[in-house]
Amino acid sequence: MISYISGLLKYISEEYIIVDNGGIGYNIAVSPKTAASLPGMDEAVCIYTYMSVSDSGIALYGFASMEELELFNSIIGVSGIGPKGALGILGSLSPSQFVMAVLTDDIKTLSNAPGVGKKTAQRLVLELKDKLDSSKAIDDAGLDLSTPISGGGEKAEAVQALEVLGFGRTEALKAVEAVYLESMTTEKTISLALKVLGR
């Protein structure tokens with residue numbers, strides 16, 4: 001198993017890159033997001049990799065961070081989703097957006113990823129919901145509340161989660177305030193707020 005490849009970036013496209021390591025050029029499939037995050041040509045890079053071995057051959061899939069690779073491994077563990085499908089999902093959603101979409105049963109957001117229909121999105125939620133960490137997703141998104149929110153931690157976490165999913169602070173706050181009841185869990189608050197927001 002090849003865990004990562006470091007070397008000089010020799011070619012870059014939206015679908016794959018070539019990294020020169022010790023005079024050998026490694027062809028590594030990447031998402032457009034990963035490709036856009038890389039430095040320029042002939043610059044040093046370190047790409048975390050997953051090696052796929054199948055009847056059609058051997059392929060390397062690359063990621064800019066270990067977090068993305070770990071999430072990729074979780075996604076390909078879902079029945080019916082292969083490496084190409086998982087790469088497509090991570091190419092359209094950031095790790096934080098994907099995690100929050102799964103945790104909040106946001107089928108619409110998941111279905112927007114290429115190759116992911118409603119049934120596949122439902123399978124992602126069913127098989128991954130208990131395995132993903134919402135607090136880590138919020139931390140990774142770099143969000144924090146600059147002003148206190150009445151109602152305590154659950155409301156604040158719900159607002160942050162909605163921000164991760166792409167909603168503005170104001171609309172997220174309004175939706176949470178509209179549905180929140182005392183002692184309601186964060187997950188329930190997010191789920192109800194998403195309905196108010198039309199998802």
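Assorted remarks:
- Checking each residue in the range 71-82 for being touching a residue at least 40 places away in the same chain (Cβ under 8 Å) and surrounded by 14 or more Cβ atoms within 10 Å (Cβ to Cβ) picks out 74, 75, 78, 81.
- Figure legend. Inter-residue proximity from the range 54-66: first residues in contact (Cβ under 8 Å) with a residue 12 or more places away in the chain, second residues in a loop (DSSP other than H, G, I, E, B) and not acidic (Asp, Glu), beta-carbon distance below 6 Å, spacing 6+ or different chains. Indicated pairs: 62/30.
- The one condition in (1) outside any strand (DSSP E or B); (2) in contact with a helix residue (DSSP H, G or I) (Cβ under 6 Å, 6 or more places away or on another chain) that residue 73 fails to fulfil: (2)
- Looking across the range 1-16, the residues that are of a type in the set (A, V, I, L, M, F, W, C) and either out of contact with any Phe, Trp or Tyr (no Cβ under 6 Å at 6 or more places or on another chain) or surrounded by fewer than 18 Cβ atoms within 10 Å (Cβ to Cβ) (or both) come down to 1, 2, 8, 9, 12.
- Some residue of the range 8-20 being in a loop (DSSP other than H, G, I, E, B) and more than 28 Å from residue 81 (Cβ to Cβ): no
- Residues (assigned to a helix (DSSP H, G or I) and not polar (S, T, N, Q)) located in the range 157-173: 157, 158, 159, 161, 162, 163, 164, 169, 171, 172, 173
- Answer residue from the range 22-50, given it is part of a loop (DSSP other than H, G, I, E, B) and over 16 Å from the mean Cα position of the chain (by Cα) and is surrounded by the most Cβ atoms within 10 Å (Cβ to Cβ) among those: 38
- Of residues in the range 174-188 being in a loop (DSSP other than H, G, I, E, B) and of a type outside the set (A, V, I, L, M), the one modelled with the highest pLDDT: 180
The values are calculated or read from the model by the stated rules, or taken from the named source; none is laboratory data. Predicted model only: the values in this text are computed from it and were never measured. Don't worry about glycine lacking a Cβ; one is built from the backbone with ideal geometry, like all the others, and counts go over all protein chains shown.
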